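To start, the structure under review is shown below, and the notes come after it.
The values are calculated or read from the model by the stated rules, or taken from the named source; none is laboratory data. Note that the coordinates shown come from a computational prediction; the quantities given were computed from them, not determined experimentally. Every residue, glycine among them, receives a Cβ derived from its backbone with ideal geometry; neighbour counts consider all protein chains shown. What goes into the accessible areas is simple: the full protein's heavy atoms, side chains included, and nothing from ligands, DNA or RNA. Shrake-Rupley method; radii C 1.70, N 1.55, O 1.52, S 1.80 Å.
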Amino acid sequence: MLARFFRHLWSAYWQARRVIPVAACSRITEAIGRAEQGHAGEICFVVEASLTPRQLLRQTSARERAVEVFAQMHVWDTAHNSGVLIYLLLADRAVEIVADRGLHPRGDTCWSEAAEHIRQACRAGDAAAGCIDAIVAVGDFLRREFPADGPNPDELPNSVRKL
């Protein structure tokens, strides 16, 4: 627990910019826009450098934090209950994908494969490429399993959010 505390203490906001620089954020935002075509789902992408000391004292896991962010970002508040959050917690080197109740049971395999794309790319030093691959995989899954019936309004911002 002490090692995790110091790892989070030394992981500053600027670290998110190092892992996902501005140019990569633009590419990820464009990938989300393309991936959201042809289905009724919404994709939200959040990068967080570290947890607060209070969250660490409560022993908040990356998964628990992702669920909190899912609620805070209103990913659950889509017309078809079809929001997907891709969440990176840099200090823990964790990737979590949280899907709304309209998608969750059907996409478990897709979520784990998409998260693995990101993990492998991060290990290879190209986090942005892994994030884009994961976004494409989620978009393909949503097109297969949740096709749009008519116009598909963009309910959530496509931009990368850094906490």
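Would you kindly compute the Cα radius of gyration of region 37-110 and its largest Cα-Cα separation (Dmax), both in Å?
Computed over the Cα atoms of region 37-110, radius of gyration and Dmax are 12.9, 43 Å.
Suppose all protein chains stay in the model; what accessible area per residue would a 1.4 Å probe give for the chain, in Å²?
Heavy-atom SASA per residue in the chain reads 50 Å².
Quick one: Karplus J couplings for region 55-61, per residue in order, coefficients 6.51, -1.76, 1.60, θ = phi - 60°, nearest Hz, x for Gly and Pro?
Couplings: 5, 5, 5, 7, 6, 5, 7 Hz.
Taking Cα atoms, how many degrees apart are the long axis of helix 127-145 and the longest axis of the chain, rounded to 10 and kept between 0 and 90?
Helix 127-145 sits roughly 30 degrees off the main axis of the chain.
Report, as a whole number in µm² per second, the diffusion coefficient that Stokes-Einstein gives for region 1-125 at 20 °C and 1.002 mPa s using the Kirkwood radius over alpha carbon pairs.
Rounded to a whole number, D works out at 139 µm²/s.
Using the Kirkwood formula over every pair of different C-alpha atoms, what hydrodynamic radius in Å results for region 91-146?
11.6 Å
Debye sum, Cα scatterers, region 118-163, no solvent: what log₁₀ I/I(0) at q = 0.28, 0.29, 0.32, 0.34 1/Å?
Per q value, in the given order, log10 I(q)/I(0) is -1.05, -1.06, -1.10, -1.12.
What percent do you get for the relative contact order of region 16-163 when only Cα pairs under 8 Å and 6+ apart count?
Rounded, it is 38 percent for region 16-163.
Per residue of the chain, what 222 nm ellipticity follows from adding -39500 (n - 2.57) for every DSSP H run with n ≥ 4, rounded to the nearest 500?
Value at 222 nm, helices only: -16000 deg cm²/dmol.
Roughly how many percent of the accessible protein surface of region 33-82 is carbon and sulfur, given a 1.4 Å probe and a whole-percent answer?
Carbon-and-sulfur percentage of accessible area, whole number: 53.
How would you order 126-134, 30-38, 81-89 from highest to lowest mean count of nearby Cβ atoms within 10 Å? Before the final figure, lay out the partial values.
Details: 126-134: 21.8, 30-38: 18.1, 81-89: 24.8.
Going by the mean number of other Cβ atoms within 10 Å, highest first, we get 81-89, 126-134, 30-38.
Quick one: Kirkwood hydrodynamic radius for region 52-163, alpha-carbon pairs, angstrom, one decimal?
It works out to 14.9 Å.
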